[in-house]
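Following: one structure in structure tokens, then a few remarks.
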Amino acid sequence: MNTKQKPQAGEIWVADLGTIGKIRPVLILYYPNPDDSRMLVIVAPLTSQIRGGTGEVDITHIRWLPKPSAINIQGLASVDKNCLTRKLGVLPTTDFNTVKAEIKNLLNL
């Protein structure tokens, strides 16, 4: 990870999710503070295999992504902050608010 950039919630970064998850864009939902006991980043992976079902937020209108994508909120994960390799951009506020609302809805919060 570029040490000069601290990821922020709402940003999309490229992350190495290991052999099963491969290297893919992820939406940052939470980035740990230096005093957090666990230095884990909570992310939602992006997918280009859009199925249009529950648990996906369509962001195909965002042109700076490598492929038309959706945010897979059923795939929430915690990853080590060193898995983040580079920032791709910032999700528009309206889309980030949609993601947060869909997570609340999916989890009945």
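Rule-based calculations on the coordinates, nothing more; no lab input. The structure presented is a predicted model; accordingly, all values stated were derived computationally and were not measured. A quick note on method: Cβ atoms are made from the backbone with ideal geometry, for glycine too, and the neighbour counts reach across all protein chains shown.
Restriction of the trypsin sites (Lys or Arg not before Pro) in segment 1-100 to DSSP coil positions whose beta-carbon has at most 11 other beta-carbons within 10 angstrom yields 4, 22, 38, 51, 63. Only aspartates and glutamates eight or more places from residue 104 in sequence, or on another chain, were considered; those with a Cα closer than 18 Å are 56, 58, 95.
With a cut-off of at most 11 other beta carbons within 10 Å, and DSSP calling the residue loop, which chymotrypsin sites (Phe, Trp or Tyr not before Pro) in segment 1-91 qualify? Please list them.
Answer in residue order: 64.
Candidate values (1) 109; (2) 188; (3) 93 were compared with volume of the Cα convex hull per residue in Å³ computed on the shown model; the agreeing label is (1). This ranking places 54, 47 by how few other beta-carbon atoms lie within 10 Å of each, fewest first, which gives 54, 47.
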